[in-house]
1. With unit charges on the beta carbon (Lys/Arg positive, Asp/Glu negative), name the residue among B:M158, B:A126, B:C148 whose Cα is farthest towards the positive pole of the charge dipole of the range B:116-158.
2. If you line up the long axis of helix A:106-115 against the longest principal axis of chain A, both from Cα atoms, how many degrees apart are they, to the nearest 10?
3. Summing Lys, Arg as +1 and Asp, Glu as -1, what charge do residues with Cβ under 13 Å from the Cβ of A:T80 carry, A:T80 excluded?
4. Taking Cα atoms of the range B:118-191, Rg/Rh with Kirkwood Rh, to two decimals?
5. Explain nothing, just compute: Karplus ³J(HN,Hα) = 6.51 cos²θ - 1.76 cosθ + 1.60, θ = phi - 60°, for every residue of the range B:79-92 in order, whole Hz, x for Gly and Pro.
6. Pop out the ³J(HN,Hα) list for the range B:58-65 in order, Karplus 6.51 cos²θ - 1.76 cosθ + 1.60 with θ = phi - 60°, rounded to Hz; leave Gly and Pro as x.
7. For labels at B:E9 and A:T125 in the simple 7 Å Cα→Cβ model, what's the distance in nm?
8. Can you work out the Karplus-derived ³J(HN,Hα) for every residue in the range B:154-166? Use 6.51 cos²θ - 1.76 cosθ + 1.60 with θ = phi - 60°, whole Hz, and x for glycine or proline.
Protein chains: 2
Amino acid sequence: MSHTVGVREAQKQKTRKALMEAALVLLEGQSLSSLGLREVTRAVGVAPTAFYRHFRDTADLGVALVDEALGSLHAVIRATLTATGDSAGRIDSTVGLIARHVHAHPAHIRFITRERHGGVERVRTAIGEQLRLFADEVAAWLATQPDCAAWSEDDRRMLAHVYVDHMVMTASAFLEAESYGAERVEAAASLARRQLRLVSLGRRHWLD
Amino acid sequence: MSHTVGVREAQKQKTRKALMEAALVLLEGQSLSSLGLREVTRAVGVAPTAFYRHFRDTADLGVALVDEALGSLHAVIRATLTATGDSAGRIDSTVGLIARHVHAHPAHIRFITRERHGGVERVRTAIGEQLRLFADEVAAWLATQPDCAAWSEDDRRMLAHVYVDHMVMTASAFLEAESYGAERVEAAASLARRQLRLVSLGRRHWLD
DNA sequence: CTCCTGAGAGTACGGCTGTTCACTGACTAT
DNA sequence: ATAGTCAGTGAACAGCCGTACTCTCAGGAG
């Protein structure tokens, strides 16, 4: 580049990132509503007042974490939807993809499932909004599928809702299973696959 | 009675109940992990030290709330399972029963959904244990149903799991809908009924 | 009637919290 | 070269927190 993005701005983003990562670690053992501003800055090794240069309060930090955790997931979802193959194959690859994502970003998943119904309203609604967008994408994809083309718009949204909720619950189940060992992870995967098969069967006979 | 249960013990239980109810109110705007012991006693109008006569800490209070909120639900679930009628009728009455329960005990439902994945481990496991018991009851009932008799035990547990998770999610959806008005509640009910119909269809064709 | 138990009150402690203010000093635009 | 911007500092504030003491005094047991 002819002009770098600025040493100053780069350092600021680095500190901001450090605050978010420290918060994510601290949130493994508590909820956002009990996370203290000083607690976070102490973990980073920065003065408490420096926090205000990046976030208004811890709820603001929470919303930023939601964007980080779920914002990048849209691409993953689109990739899943456009995958080809038979029903069983698609189910396998979907569940595998969730398992890999949870394994790669456990703290993010924990944060989302914990705060989805958590005590901080702004964060709750931010998560709800993102999940609604996921459901929109899935519903739009369902409209392109031959077996759902004749469904009502409402029914397609219902099914999309089921898929998104199942994805979140499966991710949470994987997270819990990972702390107990590989065979528990495989059991969670088996459960998720059979649940998707159940939905798949219901979907096939919806218009009977 | 020839001898009353004791004026002393009665007063103690009254204070204990007051602490739990005050906590439930305070938890509408925060998570258990940020609930302070002093905060609860102040709401009741009792000295902070009196708290220790009833609970070791706020996590202990949380476990007591789990028992209160879910312990009485076993009877309700059994009543739902033994209800008779056709598939659509059973779905209607089940969803209606959930709606009425949420309307009658909103704070309990909020507490359970919030702390199910919340920041306090003891409470999380207490809720998970109760939900597992619910799934056990449903699985045992499924074994008595003609259409599931030939299923594997694992598959029956999978389906029971789906029913219990759906019940919790529907309760949470009703709770949120109630703050927006009656038509949103009806929309949530419609969604829940169609989701149950989808599961019902999948169940009917599981052994195809 | 007397003794004892125990729920709750009152006080005090050290430690933590969010927020304010004035400040430094490295970067950046001119 | 110079002036300005602004991320991060450090001290100070009032207020909350959990917990450890001692104390009181109704209620129950003998």
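1. Of the listed residues, the answer is B:A126.
2. Helix A:106-115 sits at roughly 80 degrees to that axis.
3. Its environment carries a net charge of +1.
4. Rg/Rh: 1.10.
5. Along the range B:79-92, the couplings run 4, 5, 5, 7, 4, 10, x, 7, 4, 4, x, 5, 4, 4 Hz.
6. 5, 4, 4, 4, x, 4, 4, 5
7. In this crude spin-label approximation the distance works out to 4.9 nm.
8. Result, rounded to whole Hz: 4, 5, 5, 5, 4, 5, 4, 4, 4, 4, 5, 4, 5.
The values are calculated or read from the model by the stated rules, or taken from the named source; none is laboratory data. Just so it is clear, the structure is predicted and the values come from calculations on it, not from any experiment. Backbone-built Cβ (ideal geometry, glycine too); neighbour counts: all protein chains shown. Only protein heavy atoms, including side chains, enter the accessible area calculation; ligands, DNA and RNA are left aside. Shrake-Rupley method; radii C 1.70, N 1.55, O 1.52, S 1.80 Å.
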